[in-house]
1. Can you tell me how much longer the chain between residue 194 and residue 135 gets when fully stretched, taken as 0.36 nm per residue apart minus their C-alpha distance, in nm with one decimal?
2. Using a 10 Å cut-off around each Cβ, can you sort 102, 32 from fewest to most neighbouring Cβ atoms?
3. Pull up the cross-link candidates among the lysines for residue 80, meaning alpha carbon to alpha carbon under 26 Å and not fewer than 8 places away within one chain.
4. Short version: ³J(HN,Hα) in whole Hz for each residue of the stretch 77-94, in order, from phi by Karplus 6.51 cos²θ - 1.76 cosθ + 1.60 (θ = phi - 60°), x for Gly and Pro, what are they?
5. When only alpha-carbon atoms count, how far does the stretch 98-164 stretch along each of its three principal axes, as whole angstroms with the largest first?
6. Please compute the net charge surrounding residue 104, taking Lys and Arg as +1 and Asp and Glu as -1 over other residues with Cβ under 11 Å from its Cβ.
7. Per 0.36 nm of contour for each residue apart, how much would the distance between residue 73 and residue 202 grow if the chain were fully extended, relative to their Cα-Cα spacing?
8. Which ³J(HN,Hα) values, rounded to whole Hz and listed in residue order, are derived for the stretch 190-196 from phi using the Karplus coefficients 6.51, -1.76 and 1.60 in 6.51 cos²θ - 1.76 cosθ + 1.60 with θ = phi - 60°, glycine and proline given as x?
Amino acid sequence: MAPISRSTAIKTRLNGLANGPSVAYDAPPSTMAAQLINNLSTTNAPSRPTEQDDLKRLMAEVLEHDMNETDDITLKLEHKHKLIYVFARAVLERLSTEDPFMNQAQLVGQASDALDIFTVAVRELPGVLDYVLPAGAALQSRGQEPLWTWLFPRVLKLLGRRNCENLTEKIKDFFYVAFQAAGRSPKHWNLTSSIFTYLKECVTSTFDLPRWYLPHNLP
């Protein structure tokens, strides 16, 4: 994982001030989500029918929420969490399998859109990274851990994966935004330390480096 310090060009791109492919960041999250949901086919869903039904239900709830916006912060967090969860399950997890029958090119394109949605969601509401399911709530493959500890491994699993090279910059951008968005919110300053430590440990484990080798400012 490259250091989280990013160039001015990348920062400008994430702020929606540049033209080109990154213009997707300027689209409203609801529009981006609706487009991706419409593009998802049943071939990209989990193989088990019960999981397909659960994801279809959650996708319908995501679209319904977008048509009925609310100012309630609790409902906003729940919605952003659901949005990220749905696309992580339906796209990222599917892409990281060895299924020989999947349309990988199509999934890579959908994963690119999903990463855009994750980036915008976190930039708008960094508290979603710390979101935990309320007592009594349950989602397939989702425990009571904060969202970021569930999501980050699923994003990182795509780094260096064959045919996923085009996702590298968007993955870097997502982590940059996650780190910066949490840092701008005093309520979530503790999260920046956790993200810093997590990514540093990932680098240490991946390259089998001694801990003293890593610079202290490397997340």
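Every number in this text was worked out from the coordinates using simple rules, so none of it is lab data. Because the structure is predicted, anything quoted here is derived from the model rather than measured. A quick note on method: Cβ atoms are made from the backbone with ideal geometry, for glycine too, and the neighbour counts reach across all protein chains shown.
1. My answer for the length gained is 18.9 nm.
2. On the way: 102 14, 32 21.
In increasing order of surrounding Cβ atoms, one gets 102, 32.
3. Leaving aside lysines fewer than 8 places away in the same chain, those within reach of residue 80 are 11, 56, 157, 170, 172, 187.
4. Taking θ as phi minus 60°, the curve returns 4, 4, 5, 4, 4, 5, 4, 5, 4, 4, 6, 5, 6, 6, 10, 4, 5, 5 Hz for the stretch 77-94.
5. 38, 25, 18
6. Cβ neighbours under 11 Å give a net charge of +1.
7. Numbers: separation 129, 0.36 × 129 = 46.44 nm, distance 3.22 nm.
Full-extension gain reported as 43.2 nm.
8. Values, residue by residue: 4, 5, 4, 5, 5, 5, 3 Hz.
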